[in-house]
Amino acid sequence: SSQVTSVLTPMSQVNTSTVAVKQIYHPPAVTSVQRYRTTAPVLIPCEAPKDKVPHDLRQRYVNMFTEEFLKTTTNVNDAFEKALAEERTVYNRSVNKLKYQSVAVNALKRLKNQSAVAAKGGNLWKTQTFLNKMSDDMALYDSLKDYILTEERLIESNYPVQHPEKPGCAILFADNKKGNTDSLKRICCRCGATFSVSQTGKHIRKEECNYHYGKGVKNKVPGGVETRYSCCEGVMGAPGCQVFKLHVHDSLSLDGFVSTLPRHPGPDTGCPGVYSLDCEMCYTIHGLELSRVTLVNSGLQVVYDTFVRPDNEVIDYNTRFSGISEEDVKGNHTSLREVQETLLSFISADTILIGHSLETDLCALKLLHGTVVDTSVVFPHRLGLPHKLTLNNLTAEYLRRIIQESVCGHDTAEDAAACMELMLWKVKEDGKLKK
Ligand SMILES: [Zn+2]
Ligand SMILES: [Zn+2]
């Protein structure tokens, strides 16, 4: 196959308006492709003169994305459109050049994975062959039994458990956020500010929330050490690089819970099921609420995936981390109640649910479930609790793959699949040891 080379159209016009940060691009016309002998669409710069990401860097990624999309798309124009859209997403998720590069590299990896999968006829990773040998989920289910959290461990890890007196209510034993006694005061989980709310939970004053989402990273510099935020490279103490209209809090309401039920008595109907689960949440006036849920089966296929409309007024979609925007949830009428009903239709009390720190997901789903395999427990941090390895640490170490760049939104299907793959890997390793 011919090597993809692309040529950047010379800038004929630069929009110098500081207001217009809108990116426009010319639809890839066949003539321009022929003229420049390029196989990638050309990105026309229209940003403010001092853009956060150099135009030639962006064009390079447009080219590379195009190359990948051309492997899976027969229509060239479709590949062009997709590549431009992909680049646009990467660009929108990046605050600076450094972050752009890391997000773009991850996006490219994902696309390469996808085209590799497509090339192999949908055969995912080498665990698939292993799985086929296991004949059905029952063998996997039995192998995973050793990893199911004990009741003590569930409590210790702050999983929601049935409230002893109130039906439909959960209790968190390790809840350490109860320090706040004033019911009309909240502490912002982003910037740490205290803010006042009305009886209904609405903000009394409109105050901006200004913070750094990154961590302080120490760097050696001539003459000493300096600490900079990982998000924006700003020096420690610099004003926040992220500004939101309002403060948010991350309380989880503990009512409206449903329990998974034992399977109907009768002849054994086979495996109770093994699924991996990941959720996204957004900030509402009542704290954290579910905005998306995805379940993946042991074949790494998505079996359930839906956006969810939160019950209460949304303050912030948490788009940077969740990848979810208002458009995703707006016009979606799936309620938490409906999600619960659907889940209970195929998940019983014996179904194994796999996830990474699944306690928050179960709280968001308002689901009481005791048969849990938690990858943060199966693969513990060498320093022990409260230290935990991130899912990204684990996939990099065990699956040799990078996912979930912190600046870019999570992909629930990718995260859920990663947890499933980690457990498939673990079970496979156990099998090796037994021999
Ligand atoms: Zn910052
Ligand atoms: Zn705040």
Pairs beyond 20 Å (Cα-Cα), from K112/K428; K388/K426; K202/K245; K185/K206; K145/K166; K99/K388: K112/K428; K145/K166; K99/K388
What's the FRET efficiency of I187 with V217 using the Cβ-Cβ distance as r and R₀ = 22 Å, to the nearest 0.05? 0.30
Listed highest first by mean packing, meaning other Cβ atoms within 10 Å per residue, what order do 166-173, 107-114 come in? 107-114, 166-173
When the convex hull of the C-alpha atoms of the stretch 185-244 is computed, what volume per residue in Å³ does it have? 76 Å³
Averaging over all projection directions, find the projected area of the Cα convex hull of the stretch 281-361 and quote it in nm² with one decimal place. 5.9 nm²
Between T194 and N77, the FRET efficiency computed from the C-beta separation at R0 = 51 Å comes out, to the nearest 0.05, as 0.45
Cα Rg, Dmax (largest Cα-Cα span) when computed across the stretch 202-320, Å: 21.6, 75
Provide the packing ranking of 274-281, 207-214, 420-427, i.e. peptides ordered by the mean count of other C-beta atoms within 10 Å per residue, highest first. 274-281, 420-427, 207-214
Looking only at aspartates and glutamates whose Cα falls under 16 Å of K220's and that sit 8 or more positions away or on another chain, we get E233
Cβ neighbours within 10 Å, averaged per peptide: list 327-333, 151-157 in order, most packed at the top. 151-157, 327-333
A chain fully extended from N96 to T306 at 0.36 nm per residue, minus the present Cα-Cα distance, gains in nm 72.5 nm
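Where a number appears in this text, it was derived from the coordinates with a stated rule and is not lab data. If you're wondering where the values come from, they're calculated on a predicted model, not measured in any experiment. For neighbour counting, all protein chains shown are included, and Cβ atoms are generated from backbone atoms with ideal geometry for every residue, glycine included.
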